[in-house]
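The structure appears right after this line, and notes come after that.
The values are calculated or read from the model by the stated rules, or taken from the named source; none is laboratory data. Quick caveat: nothing in here was measured; it's all calculated off a predicted structure. FYI the Cβ positions are ideal-geometry reconstructions off the backbone, even for glycines, and counts take in every protein chain you see. Please note that ligands, DNA and RNA were not included when accessible areas were found on the heavy atoms of the full protein model with its side chains. Shrake-Rupley method; radii C 1.70, N 1.55, O 1.52, S 1.80 Å.
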Amino acid sequence: MTLKELNEIPFSVKTGKLSLKEGKNQVWVFIFQKPYIFGLEKMDEDSFSEFLTVFSARIEKIITAFNGSSTGFGFFLGVCIQKSYKIWKYRKIKKENIENSKNELITLQYEDSIEAECEEFEKIEDSSGIIPAVPENLTEKKQMIIKKIIHIAACHSCNELQEEQIEKISAFLEISQTELKNTILHLRKKTKTKQDRKKRLIERRNMFFFHQKKFLNELLKTDPSSPAYKIIEEKFNASKKNWEKYNETIQVKCQTSPSHIQIAQSIGLKPRMVSYYLHHGLKRKELLPFIETPEKNIKQE
């Protein structure tokens with residue numbers, strides 16, 4: 001498909017030459033085939049497939065929203081893709097920071113009752129961007145709350161923690177590295193079945209993505225009026241449907257974190273308390289400064 005043909009899709013839909021679903025599929029194929037036109041060529045295969053899954057849900061609205069401006073539908077589509085990509089990227093990073101503590105960030109949720117006991121973290125701006133300010137001193141009770149939260153978050157993110165993070169967290173919690181490492185390793189073993197299941201799902205997802213690309217290439221080389229075209233198109237649609245299904249399963253239903261009961265048993269807390277700290281909060285707080293430089297942020301009493 002050429003850019004000129006892409007520009008004609010909204011008009012073909014409005015005049016009834018194409019159904020909205022057919023128009024959506026043609027737009028999707030164009031993006032899939034020519035990501036470089038929209039600045040997506042540097043994305044790795046997994047990220048590209050994940051973004052396409054999210055963006056595909058918006059294509060029909062984009063087609064109907066196009067008002068026939070002189071810039072052309074291709075330009076309009078490109079702007080929509082870039083805006084959607086920024087939002088998708090932001091949400092992806094935010095989700096990773098909250099759930100997986102990646103990039104050395106430990107983000108947590110608090111309930112109003114916890115916020116009443118802890119000092120308010122105000123945001124300040126430095127040369128590296130927006131970072132949260134921390135109190136100059138904390139009472140013993142507040143120290144205990146923050147340590148408990150960090151300990152639970154570390155256990156919850158046991159499969160993502162790096163060696164350097166474990167060292168900093170153990171120093172802040174004032175427990176030996178060996179003790180924390182043993183807890184992390186124990187929880188990783190407990191979640192091995194979950195990790196293996198996710199790995200199998202990713203492998204199957206990637207297989208359907210490969211088949212999807214293969215059938216798409218065959219479609220582009222086949223005469224649309226030939227009997228073979230319909231057969232290949234059915235295979236392509238089936239692969240696409242399975243790819244989307246596995247993507248959704250991996251993103252929504254495939255969590256590799258240990259259960260609250262497993263965390264509670266590992267660190268001697270009640271499961272309800274673990275759940276309380278991890279899921280019942282309404283406000284997220286950045287706690288990394290406490291781990292990086294605890295001597296500056298905690299005044300021993």
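Per-structure values
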| read-out | value |
| --- | --- |
| Residues located in region 168-181, provided they are at pLDDT below 90 and in contact with a helix residue (DSSP H, G or I) (Cβ under 6 Å, 6 or more places away or on another chain) | K168, I169, S170, F172, L173, Q177 |
| Residue in region 184-204 that is farthest from I31 (Cα to Cα), counting only those that are touching a residue at least 60 places away in the same chain (Cβ under 8 Å) and not hydrophobic (A, V, I, L, M, F, W, C) | H186 |
| Selected residue (criterion: modelled with the lowest pLDDT) from residues of region 1-26 that are aliphatic (A, V, I, L, M) and part of a helix (DSSP H, G or I) | L3 |
| Filtered residue count, region 27-49, keeping only those that are touching a helix residue (DSSP H, G or I) at 6+ places or on another chain (Cβ under 6 Å) and not in a loop (DSSP other than H, G, I, E, B) | 5 |
| Residue in region 236-244 that is open to solvent by less than 90 Å² (accessible area, probe 1.4 Å) and under 30 Å from P271 (Cβ atoms) present | no |
| Residue list for region 50-86, filter: outside any helix (DSSP H, G or I), open to solvent by 70 Å² or more (accessible area, probe 1.4 Å) and either within 16 Å of S12 (Cβ to Cβ) or basic (K, R) (or both) | R58, N67 |
| Residue in region 138-152 that is part of a loop (DSSP other than H, G, I, E, B), at pLDDT below 85 and open to solvent by 40 Å² or more (accessible area, probe 1.4 Å) present | yes |
| Of all residues in region 193-235 being of a type in the set (S, T, N, Q) and in a helix (DSSP H, G or I), the one that is least open to solvent (accessible area, probe 1.4 Å) | Q212 |
